[in-house]
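Participant: Here it is, the structure, as structure tokens.
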Amino acid sequence: MNVHMSALVSPLSPSALLALSEAIEHVFGPSDWAKLGLELDLPTLQDPGSRLRKAQSWGDNDYGACIVQVVRHLEVERPRVLRQLATRPKLKVWLEQNRPSEAAELGLGQSHVPAPPPPLSASQVVELALQDAERLLHTSGPTSCVDRMHTALHGYLRDECARAGLLVAQDANLPALFKALRNGHPRLQTLGAQDPHIARVLQSLASAVDALNTLRNNASLAHPGGALLGEEEAMLMVNVSRSLFHYLHARLG
């Protein structure tokens, strides 16, 4: 029976692919790319004039996106190589220190598993996601941080629903959480003298939140596969998320 070699390797989760892409972005230098290209017989990685190598040298915002394309290529064509890549010392150390869950999925850190840390509170999870988003915004551009902004906003809305005693489904998505909060939180029922107009703005934000949920799932690094958001459009979604954060934090206290 003929079985394609890639079929014998379990596919990695989107979070593991993203973690590996981030690790490469943080620790790979020009010589690492050249050696990998020579090892895998991929001339593009060896060529200093290729888009990926130029983006790295010039510090361009699409460097992260170029790395994702390489990771996706290896995922499809050489999945064993992709897993072995994670065991390289520099990548292994970064993954174990910064993405322990994904490192475990990649088979790393099994010889010295640390004691699990105390569980994070909802507010700590949101804070960490916001910090990740801010870092990615400055190091990789807005396209790379859309997923983290989505995660932060999702965690924040769920936490506020819980604080207000609003019952929501365990798997409620971003639009469902925003709708529950808008319709059920006492501090969002009366919005001042211009209530009808502010309500229209919030309704528009509800549409934006719905779009953010779709874009995160189909056009961000959370689920590589489709066309990614352009930088300008990604920055728009980042700013919409920030505006909603600021308003709700001020309104809800």
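Participant: Can you work out which of the residues in the stretch 137-166 that are among the aliphatic types (A, V, I, L, M) and out of contact with any Leu (no Cβ under 9 Å at 6 or more places or on another chain) is surrounded by the fewest Cβ atoms within 10 Å (Cβ to Cβ)?
Facilitator: Out of the qualifying residues, it is Ala162.
Participant: Any idea how many residues of the stretch 45-58 are under 19 Å from Ser21 (Cβ atoms) and surrounded by 16 or more Cβ atoms within 10 Å (Cβ to Cβ)?
Facilitator: Number satisfying all stated conditions: 6.
Participant: Related question: Residues that are outside the structural domain of Arg148 (by TED's automatic domain parsing), at pLDDT below 85 and within 20 Å of Gly141 (Cβ to Cβ): does the stretch 48-55 have at least one?
Facilitator: yes
Participant: Given the residues Ser13, Ser21, Ser31, which is the only one that is among the hydroxyl-bearing types (Ser, Thr, Tyr), modelled with pLDDT of 85 or more and surrounded by 15 or more Cβ atoms within 10 Å (Cβ to Cβ)?
Facilitator: From the options Ser13, Ser21, Ser31, the qualifying one is Ser21.
Participant: Restricting the search to the stretch 14-72, which residues are polar (S, T, N, Q) and within 30 Å of Arg216 (Cα to Cα)?
Facilitator: Ser15, Ser21, Thr44, Ser50, Gln56, Ser57, Asn61, Gln69 - these are the residues of the stretch 14-72 that are polar (S, T, N, Q) and within 30 Å of Arg216 (Cα to Cα).
Participant: Would you be able to tell me the number of residues in the stretch 82-107 that are in a helix (DSSP H, G or I) and farther than 14 Å from His26 by Cα?
Facilitator: So the answer is 10.
Participant: Restricting attention to the stretch 54-62, does a residue exist that is in contact (Cβ under 8 Å) with a residue 60 or more places away in the chain and of a type in the set (Gly, Ala, Ser)?
Facilitator: no
Participant: Take the residues in the stretch 90-101 that are closer than 11 Å to Ala23 by Cα and not hydrophobic (A, V, I, L, M, F, W, C); name whichever of them is surrounded by the fewest Cβ atoms within 10 Å (Cβ to Cβ).
Facilitator: The qualifying residue surrounded by the fewest Cβ atoms within 10 Å (Cβ to Cβ) is Gln97.
Participant: Under the condition of being of a type in the set (Gly, Ala, Ser) and within 18 Å of the chain's Cα centre (by Cα), which residue from the stretch 141-196 is modelled with the highest pLDDT?
Facilitator: The residue in question is Gly155.
Participant: Right, here's the next one. Please determine whether any residue of the stretch 56-75 is on the phi < 0 side of the Ramachandran plot, in contact with a Phe, Trp or Tyr (Cβ under 7 Å, 6 or more places away or on another chain) and assigned to a helix (DSSP H, G or I).
Facilitator: yes
Participant: Now for a different question. Go over the candidates Asp210, Asp195 one by one and state the one that is crowded, with 16+ Cβ neighbours inside 10 Å, acidic (Asp, Glu) and free of Cβ contacts under 8 Å to residues at least 60 places away in the same chain.
Facilitator: Answer to the check: Asp210.
The values are calculated or read from the model by the stated rules, or taken from the named source; none is laboratory data. Every value quoted in this text rests on a predicted model; they were computed, and no experiment measured them. Neighbour counts run over all protein chains shown; Cβ positions are idealised from the backbone, glycine included.
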